[in-house]
Amino acid sequence: MDDDPERERRAATFDRAARLYQRARPDYPIELYDRLLEITGLAPPCRLLEVGCATGKATLPLARRGFHITCLEPGHALAAEARRNLAAFDVEVVEARLEDWDASGPRFVMVYAATAWHWVDPRVRYQSAAAALEPCGYLSFWGAGHVIPYDGDPFFEEIQEVYDEIDEGLPPDAALPRPQELDDDRASIEASGLFDVLEVRQYDWQTVYDAEGYIDLLNTFSGHIAMEQWQQQRLFGEIRRRLSLRADGLLRRHWGAVLHVARLRPA
């Protein structure tokens with residue numbers, strides 16, 4: 001049982017977005033995968049374990065390169081979508097959480113997670129990853145989070161008044177996340193005593209959305225999935241209205257990811 005029922009509840013909401021996830025969520029930069037493989041020196045067909053694969057967003061780029069990947073995905077609908085998306089590749093999708101999965105079988109050369117590591121119980125996440133790895137195997141994780149450049153699209157700061165109105169506003173002391181200024185998890189990796197940090201590197205990129213595409217994206221985020229219907233209607237209606245006033249009807253959203261790569265210490 002997770003020590004944080006709210007985290008467990010919010011993690012379970014993603015299964016409701018299974019049909020949207022692959023289309024609406026952004027792709028991670030190809031440079032991130034290139035750097036990951038450069039640091040680790042891994043080459044196909046070695047065995048990888050992915051934690052929380054969702055619909056296979058971060059699985060496909062590595063599966064296409066020829067790696068054998070076992071994916072853990074606790075959501076039934078998400079796992080079904082992943083199997084469809086990955087059917088042509090050497091990939092197995094298992095409906096399980098890392099915390100509950102039986103790691104007594106063959107070991108993996110790398111455990112990785114994309115926008116999923118923070119959903120794993122922090123009391124056991126590093127121990128569970130270490131138990132699944134070959135000696136001196138690798139752990140890697142990264143995420144895709146919203147960052148707001150100083151010269152970025154003003155839409156996101158302007159729409160905060162609507163979030164405040166529907167009681168979903170940011171805390172008063174919340175700082176806007178800026179590109180290349182995201183927090184990282186180096187300290188928690190080192191504190192586990194199990195891994196040596198090899199790399200922490202930040203990546204930034206941009207996506208462009210029309211109103212419906214952006215609403216689809218929001219409907220893959222746990223906080224928005226969990227909103228009451230009246231909150232969604234007010235927020236999404238205002239997004240449509242405001243973007244309709246723009247000549248091109250589009251908004252620019254900037255993303256940031258922090259790539260962490262670590263190596264298992266010798267026993």
From 262, 187, residue being free of Cβ contacts under 8 Å to residues at least 24 places away in the same chain and under 30 Å from residue 130 (Cβ atoms): 187
Given (1) without any contact (Cβ under 8 Å) to a residue 12 or more places away in the chain; (2) closer than 30 Å to residue 252 by Cβ; (3) not in a helix (DSSP H, G or I), number of the condition residue 87 does not satisfy: (2)
Members of the stretch 104-120 found to be more than 18 Å from residue 263 (Cβ to Cβ) and surrounded by fewer than 18 Cβ atoms within 10 Å (Cβ to Cβ), listed by number: 104, 105, 106, 118
Selected residue (criterion: farthest from residue 240 (Cα to Cα)) from residues of the stretch 136-157 that are in a loop (DSSP other than H, G, I, E, B) and hydrophobic (A, V, I, L, M, F, W, C): 144
Some residue of the stretch 241-259 being in a strand (DSSP E or B), modelled with pLDDT of 95 or more, out of contact with any Pro (no Cβ under 6 Å at 6 or more places or on another chain) and surrounded by fewer than 17 Cβ atoms within 10 Å (Cβ to Cβ): yes
Within the stretch 121-135, considering residues that are under 17 Å from the mean Cα position of the chain (by Cα) and assigned to a loop (DSSP other than H, G, I, E, B), the one nearest to residue 260 (Cα to Cα): 122
Sole residue being acidic (Asp, Glu) and in contact with a helix residue (DSSP H, G or I) (Cβ under 7 Å, 6 or more places away or on another chain), chosen from 168, 181, 190: 168
Options 206, 180, 202; residue that is part of a loop (DSSP other than H, G, I, E, B) and under 25 Å from residue 30 (Cβ atoms): 180
Pick from the stretch 23-71, criterion over 12 Å from the mean Cα position of the chain (by Cα) and among the charged types (D, E, K, R), ranking: nearest to residue 102 (Cα to Cα): 47
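The values are calculated or read from the model by the stated rules, or taken from the named source; none is laboratory data. Keep in mind it's a predicted model, so treat the numbers as computed, not measured. Here the Cβ is made from the backbone with ideal geometry for all residues, glycine too, and neighbour counts use every protein chain on show.
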